[in-house]
Amino acid sequence: MGLKKAVLIVGGTSDIGQAICRRFSQSTLPLIMTYQKNRKVALSVKKSLKQEGRHCEVLRCDISHKKSIKTLFSRIRLLGFRVHVLVINAGVKDDKLAVQMDAHSWRSVMRVNVDGAFHCIQACLPGMIAKKSGAIVNVSSIAAISGQVGQANYCASKGAVISLTRSLARELGPKNIRVNCVAPGYVESGMIQELKADPDLSDYFNGIISTMCSLRRVGEPDEIANVVFFLASKQSSYINGQTIIADGGILM
Ligand SMILES: NC(=O)c1ccc[n+]([C@@H]2O[C@H](COP(=O)([O-])OP(=O)(O)OC[C@H]3O[C@@H](n4cnc5c(N)ncnc54)[C@H](OP(=O)(O)O)[C@@H]3O)[C@@H](O)[C@H]2O)c1
């Protein structure tokens, strides 16, 4: 018997990741989510989906290690699935001014946000190419476009995600595999709570929301999940290589 099509959400434990899992759980395809450290959160997502009558497989993966990605894909196959929709939501930051940026801070962000994303995509490709269908959605950030003080590593990595999206869309489009990207602005999450709690950064943050953000509010994780879902669905069948900015109208 052939492998069944599934959706794989890499990094399903974050606030945005959980919203993406909830959104995809409403579709007909089986759902697989990964966690790296937050097993407890992953299992609570699984439990709450189960209470709603929906099923979700939970697997661990550290995308900064190719071996861990290889193991993830072997487990997916053992479960009887092949990845038809891949969402790379996992991402890290390690903020420092450029002058103080050490090699570890630079490399650790690149290893997850760029290398990890690429290796996950690469692992999906043989199956998608064989079936001549698939959709990949990457998660970047508006910081990739606007730049951000103290985030040279993060901004460069998220810029690479946008370039990777375009390049792969050209390469894979002829094989009926679409690759798109979402660039969120400020979204209600642990990161935003940290910004609000930091006396040095909260004024700056409130200033951006009250003057630069035309909707004058932070986004909800569900509002990002809806865009990710749209880009993975047939509703966006003629969209390829695009980065959709979902920031309440900061960048225009
Ligand atoms: N929050 C925002 O306002 C905002 C704005 C723009 C863009 N984004 C982007 O949106 C995405 C989600 O953001 P968030 O704030 O919700 O994330 P977050 O709370 O910082 O969580 C990061 C996610 O990445 C996973 N992860 C971290 N290192 C990993 C690794 N080595 N291997 C596999 N998974 C790993 C984490 O898994 P565990 O929890 O299991 O360790 C978690 O699911 C990120 O790509 C972020 O850059 C967020």
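Values quoted throughout were computed directly from the atomic coordinates according to the rules given, and no laboratory measurement underlies them. Everything numeric here is computed off the predicted structure, so don't read it as measured data. Please note: Cβ atoms are built from the backbone with ideal geometry, for glycine as well, and neighbour counts cover all protein chains shown.
The table for this structure:
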| quantity | calculated |
| --- | --- |
| Rounded tilt (10° steps) of 66-78 against the dominant C-alpha axis of the chain | 40 degrees |
| Proxy reagent accessibility, fewest Cβ within 10 Å first, across ILE209, ILE129, ILE245 | ILE129, ILE209, ILE245 |
| Residue among GLN51, GLN242, GLN36 with the largest mean-square fluctuation in a Gaussian network model of the chain, springs linking Cα atoms under 10 Å | GLN51 |
| Stretchable slack from GLN148 to ASP95, in nm (0.36 nm times residue separation minus alpha-carbon distance) | 18.1 nm |
| All aspartates and glutamates inside 12 Å of LYS196 as judged from Cα atoms, apart from same-chain residues fewer than 8 positions distant | GLU188 |
| Under 20 Å from the ARG75 label point (7 Å along Cα→beta-carbon), backbone N, the range 1-23 | 3-15, 17-22 |
| Spin-label pair SER27/GLU220, simplified geometry with 7 Å Cα→Cβ offset, distance in nm | 2.1 nm |
| Förster-model FRET efficiency, 25 Å R0, GLN235 and GLU52, C-beta, rounded to 0.05 | 0.65 |
| By average C-beta atoms within 10 angstrom, highest first, the peptides 27-33, 88-94, 54-60 | 88-94, 27-33, 54-60 |
| Residues whose placed amide H lies under 5 Å from that of ILE245, excluding near-sequence neighbours | ALA183 |
| Charge dipole (debye, nearest 20) of the chain; +1 at Cβ of Lys and Arg, -1 at Cβ of Asp and Glu | 1540 debye |
| Label-point separation in nm, ARG39 to ILE129, each point 7 Å along Cα→Cβ | 3.5 nm |
| Separation between Cα centres of the range 2-66 and the range 109-136, rounded to whole Å | 17 Å |
| Packing-based order for 13-22, 62-71, using average beta carbon neighbours within 10 Å, highest first | 13-22, 62-71 |
| Gain on full stretching of the segment that runs from MET191 to MET212 - 0.36 nm per residue minus C-alpha separation | 5.7 nm |
| Selected from ILE76, ILE142, ILE162 as most flexible by GNM, with the chain as the system and alpha-carbon contacts under 10 Å | ILE76 |
| In order through the range 40-48: 3J(HN,Hα) via Karplus (6.51 cos²θ - 1.76 cosθ + 1.60), integer Hz, x for Gly, Pro | 4, 5, 4, 5, 6, 5, 4, 5, 5 |
| Contact order relative to length of the chain, as percent, for alpha carbon pairs under 8 angstrom and 6 or more apart | 20 percent |
| Above-threshold pairs, the threshold being 22 Å between Cα atoms, out of LYS70/LYS96; LYS46/LYS67; LYS50/LYS132; LYS37/LYS131; LYS5/LYS131 | LYS70/LYS96; LYS46/LYS67; LYS50/LYS132; LYS37/LYS131 |
| R0 of 25 Å, Cβ-Cβ distance PHE205-SER108: FRET efficiency to nearest 0.05 | 0.55 |
